[in-house]
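Have a look at the structure below before the remarks.
All of the numbers you see were taken from the coordinates with simple rules; none came from a lab. These numbers were taken from a predicted model, which means no experiment stands behind them. A quick note on method: Cβ atoms are made from the backbone with ideal geometry, for glycine too, and the neighbour counts reach across all protein chains shown.
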Amino acid sequence: MIEANGLTKRYGRTLAVNDLTFTVQAGRVTGFLGPNGAGKSTTMRMILGLDRPTAGGVRIDGKRYTDLKEPLRHVGALLDAKWVHPNRSARAHLRWLAVSNKLPEKRVDEVLALVGLTDVAGRRAGGYSLGMSQRLGIAGALLGDPGVLLFDEPVNGLDPEGILWIRQFMHRLADEGRTVFVSSHLLSEMALTAQDLVVIGRGRLIAQTSTSAFIDAASGSSVRVRGPELDRLREVITSGGLKADDAPATTEGPAALVVHDATTDDVGELAGRAGLVLHELAAQRGSLEQAFIQMTGGDVEYRTGDPALAPVAGVAGAPVGVPGQPGEALASQRTGAPVAARKADAR
């Protein structure tokens, strides 16, 4: 379990994390979401003792990270897939980590096999693709068979097979009773991976809830319904005190009605009492992406221009949009698993 209490971090006049309190439960995959610059990477660094909080604190199973002996046995982390020395092989890199935490050498080969890098374990890490580097970082996080795992953007650079693998793997880790805390900007993937969410903006907590509850709270409940007597169906629904909007026919389906703030039971019972035949009755649910944009819209630090104002190739005098802004400025010094080795070297 990870428990953050009043976690605050200032860099000069910049308030990166502001009185952040949340809990990451064991046996669950918890997603950590927020716009660029929200303070996610800074928060993860404070959990791992890489940055010292200005105020507040964080505990891992009741202890600070810096108080853990042989920390890789307790906490595994992947914060930056490219921090590995480029001239070291994957096997040499993992052996160094294992020695620093008194882990058996056989564990190196076990995690290499687990992430699919056995055949390239002797190659220099500097020649790895981003996807291969991500797998090596995950291997380092798993090296001590820890009960708590933190991953920052773990699917970056992975192909579809790799993304599916990491999703299923995280679910398996949680099913084993481990604490899994994952930060990602791939919201469609997080909707499939995370059971719970911690959402922040400008360093403040916006929500801590289950993924399904977060989506439902932001998008509301609606029902799509259609039948052969659409006009009469609309009258029955509105006379029953519900609001219905037209959903025009598209290439994906015929015209229907969308009933707001209602359940399929509500609409079905009204239609049944009126003797109406229904061809479709389905609950409509918003996406995590839609819910995230709605809930964090006021906390976006880096805004881009309207896509409609983007310059058009070959058209003189076309309006120019606002250029994109850089991502988490405070995350430029991110690092990963070597935190444990660095601590061991300091002893």
Query - Straight-distance crosslink candidates among lysines, where the alpha carbon sits under 29 Å from Lys82 and sequence neighbours closer than 8 are dropped - result: Lys9, Lys40, Lys63, Lys69, Lys102, Lys106, Lys343
Query raised in the report: When DSSP assigns beta bridges and you keep just the ones with both residues in the chain, what percent turn out antiparallel, to the nearest 5?
Result: 65
Query raised in the report: Which semi-axis lengths, in whole Å and largest first, follow from the square roots of five times the eigenvalues of the Cα gyration tensor of region 1-141?
Result: 30, 17, 14
Query - Cα convex hull of region 88-172 - mean projected area over all directions, nm² - result: 5.4
Report summary line: Taking a crude spin-label model, label points 7 Å out from Cα along the C-beta direction, the Tyr11 to Arg124 distance in nm is 3.1
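For every helix of n ≥ 4 consecutive DSSP H residues, a contribution of -39,500 (n - 2.57) applies; sum these over the chain, divide by its total residues, and give [θ] at 222 nm rounded to the nearest 500 deg cm²/dmol.
-9500 deg cm²/dmol
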Query raised in the report: Label 7 Å along Cα→Cβ of Arg232; region 257-277 residues with amide nitrogen under 17 Å?
Result: 257, 268-277
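On a full-extension model of 0.36 nm per residue, what is the gain between Lys69 and Trp96, subtracting their alpha-carbon distance, rounded to one decimal in nm? The partial results should precede the final answer.
On the way: separation 27, 0.36 × 27 = 9.72 nm, distance 1.69 nm.
Gain on extension, Lys69 to Trp96, equals 8.0 nm.
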Query raised in the report: Using every alpha carbon pair in the chain, what percent of pairs falls into each 10 Å bin from 0 up to the bin containing the largest distance?
Result: 5, 21, 25, 20, 14, 9, 4, 0
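Show me 150-156, 79-85, 128-134, 9-15 ranked by packing, highest mean number of other Cβ atoms within 10 Å first.
Values: 150-156: 23.1, 79-85: 19.9, 128-134: 18.1, 9-15: 12.4.
Ranked from most to least packed, the peptides come out as 150-156, 79-85, 128-134, 9-15.
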Report task. Would you work out the charge dipole size for the chain about its Cα centre, treating the Cβ of every Lys and Arg as +1 and the Cβ of every Asp and Glu as -1, and quote it to the nearest 20 debye? Result -> 2040
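In nm, what is the difference between 0.36 nm times the number of residues separating Gln195 and Ala55 and their Cα-Cα distance?
Details: separation 140, 0.36 × 140 = 50.40 nm, distance 2.92 nm.
Full-extension gain reported as 47.5 nm.
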Query raised in the report: So what's the convex hull volume per residue for the Cα atoms of region 149-255, in Å³?
Result: 191
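Report the convex hull volume per residue for region 62-131, counting only C-alpha atoms, in Å³. Don't jump to the answer; show the numbers that get you there.
On the way: hull volume 7.4 nm³, N = 70.
Here the figure is 106 Å³ per residue.
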Report summary line: Treating every alpha carbon of region 197-267 as one equal point scatterer without solvent, the Debye formula yields log10 I(q)/I(0) values at q = 0.15, 0.16, 0.26, 0.28 Å⁻¹ of -0.62, -0.66, -1.12, -1.23
Requested in this report: Could you work out the relative contact order of region 17-142, using alpha carbon pairs under 8 angstrom and six or more residues apart, expressed as a whole percent?
Outcome: 23
**Report entry** Charged-residue dipole, Cβ positions (Lys, Arg, Asp, Glu), region 224-283 about Cα centre, Debye nearest 20
**Finding:** 100
Report task. Compute the FRET efficiency between Ala283 and Glu161 as 1/(1 + (r/R0)^6), taking r as their Cβ-Cβ distance and R0 = 41 Å, and round to the nearest 0.05. Result -> 0.85
Query - Angle between the chain longest axis and helix 130-142 axis [Cα atoms, degrees, rounded to 10] - result: 70
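Normalised by the number of residues in the chain, what is the relative contact order in percent for Cα pairs under 8 Å and 6+ residues apart? Kindly include the intermediate steps, with their values, before the conclusion.
Values: 695 pairs, mean separation 77.7, N = 347.
Worked out over the chain, it gives 22 percent.
Given 0.36 nm per residue, what is the gain on full extension from Asp109 to Thr23 after removing their alpha carbon distance, in nm? Could you put the intermediate results ahead of the total?
Details: separation 86, 0.36 × 86 = 30.96 nm, distance 3.35 nm.
Here the segment from Asp109 to Thr23 would lengthen by 27.6 nm.
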Query - Kirkwood Rh, angstrom, region 1-44 [1 / mean 1/r, Cα pairs] - result: 11.5
